[in-house]
Amino acid sequence: MAQFDLPLDELHEYRSASVEPEDFDAFWSKTLQEAREHDLDARFERVETGLTTVDVYDVTFSGFGGHPVKGWLRLPAGASEPLPVVVEFIGYGGGRGLPHENLLWASTGRAHFSMDTRGQGSGWGGGGGTADPVGHAPSFPGFMTRGIDAPENYYYRRVYTDAVRAVEAARSHPLVDPSRTVALGSSQGGGITIAVGGLVPDLVAVAPDVPFLCDFPRAATITDRHPYREIGSYLKTHRGRTADALKTLAYFDGVHFAARGRAPALFSTALEDATCPPSTVFAAFNAWANDDKKVEVYDFNDHEGGGPFQEATKISWLRSYT
């Protein structure tokens, strides 16, 4: 796929047409208040991995509806004082994987909390272990249209709530310094990161890479690649429901969370990315409320984005914040 979206100079000026719901803040305040009526009940159980440089804990905490959500907490071996923590969210279809995977952030001397994504973990990687016990109305296979009939029912209401609770769970561990919390992730994980950046006001930094779940009105029409194509496939069958679907999706659009983002932010995008088109990424980046922000642009990459080059950039960038 060659470059297909807006020219770079136009991307820097682009603004989404997504309409923010009038009750956006009230909706999310009520959602999180209801979740916090359940005890967080964060449990950390040490697991034997054979690793000598990293200690790993199997984590369970209460997410949306009090449902149990899994995660991993990885710490530099022998840590004895509270550490800055990186809370990471996973790409579409993946799960938290196996305890010996994903050792980068603990290797930088930080705590690393990786959240499992409810109902996923069967598409790639080492799998996941968190069910989504909530039913839903008819939806196209995948997750993008589950509960799209109403914001209260939508799948990502549960996921974003889990993610906020994941930050709270990570911060509850005695070897974590809550005042030095970073959120990051790629693709779906990047979209969740943006949502958390808008819902948790005291993060020290966020780093969403090639983020998904942004600028739904454009994303659903500019690309025919999944997962965004799930929305079009649903509407192909449910004719005349476009306005209703976009009304629901507006409560979960990264653009509106970005407008509430208070932390310094490092975004990344790729100009040949047909999965998360660059204009949808720039829609969130341009809306990000904190002026301390930058975006890394990879001219000839698809959805892999910057890959290891972006990892190196994040390691260097985060030194200024944690």
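Worth a mention:
- Taking only the C-alpha atoms of region 1-155, the Rg (one decimal) and the largest Cα-Cα distance, Dmax (whole number), read 19.1, 52 Å.
- [x] 248; [y] 134; [z] 121, with the label sought being that of the calculated volume of the Cα convex hull per residue in Å³: [z]
- Estimated at 0.36 nm per residue, the fully extended path between Lys236 and Leu51 surpasses their Cα-Cα distance by 61.6 nm.
- Based on protein heavy atoms only, region 4-71 ends up with 59 Å² per residue of surface accessible to a 1.4 Å probe.
- Probe 1.4 Å, protein heavy atoms only - accessible area per residue of region 240-311 in square angstrom: 35 Å²
- Carbon plus sulfur fraction of accessible area for the chain, probe 1.4 Å, in percent: 50 percent
- Potential lengthening between Ser29 and Asp302 on full extension [0.36 nm per residue; Cα-Cα distance subtracted]: 94.7 nm
- Seen from Asp202, the other residues with C-beta closer than 11 Å to its C-beta sum to a net charge of +3, counting Lys and Arg as +1 and Asp and Glu as -1.
- Rounded if a/c under 1.5, otherwise prolate or oblate - region 69-201, Cα gyration tensor axes: prolate
- Cα gyration tensor, region 192-322 - rounded (a/c under 1.5), prolate or oblate: oblate
- Across region 1-103, the mean sequence separation of Cα contacts (distance under 8 Å, 6 or more residues apart), normalised by length, yields a relative contact order of 19 percent.
- The alpha carbons of region 69-108 stretch over 35, 19, 17 Å along the principal axes, in descending order.
- Computed over the Cα atoms of region 77-142, the ratio of the radius of gyration to the Kirkwood radius (Rg/Rh) comes to 1.10.
- Cβ-derived FRET efficiency at R0 35 Å, His136 paired with Gln3, nearest 0.05: 0.45
- A dipole drawn for the chain from +1 and -1 charges on Cβ atoms has a positive end, and of Pro99, Thr269, Gly198 the residue lying farthest that way is Pro99.
- Whole-angstrom gap from region 240-279 to region 26-103, using each part's C-alpha centre: 25 Å
- The gain in end-to-end length when the His38 to Ser80 segment is fully stretched comes to 12.1 nm, 0.36 nm per residue minus the alpha carbon separation.
- Bins of 5 Å from zero: percent of alpha-carbon pairs in region 1-75: 3, 12, 11, 10, 9, 9, 9, 13, 14, 9, 0
- The fraction of all Cα pairs in region 138-201 landing in successive 10 Å bins from 0 to the largest distance is 20, 43, 27, 9, 1, given as whole percents.
- Within the shell of other residues whose beta carbon sits under 14 angstrom from the beta carbon of Tyr228, the net charge comes to -2, with Lys and Arg scored +1 and Asp and Glu -1.
- In the chain, Cα pairs under 8 Å separated by at least six residues give a relative contact order of 18 percent.
- Taking the Cα centre of the chain as origin and assigning +1 to Lys and Arg Cβ atoms and -1 to Asp and Glu Cβ atoms, the resulting dipole is close to 420 debye.
The values are calculated or read from the model by the stated rules, or taken from the named source; none is laboratory data. Every value quoted in this text rests on a predicted model; they were computed, and no experiment measured them. All Cβ positions, even for glycine, are placed from backbone atoms using ideal geometry, and neighbour counts span all protein chains on display. Just the protein is used for accessible areas: all its heavy atoms, side chains included, with ligands, DNA and RNA removed. Shrake-Rupley method; radii C 1.70, N 1.55, O 1.52, S 1.80 Å.
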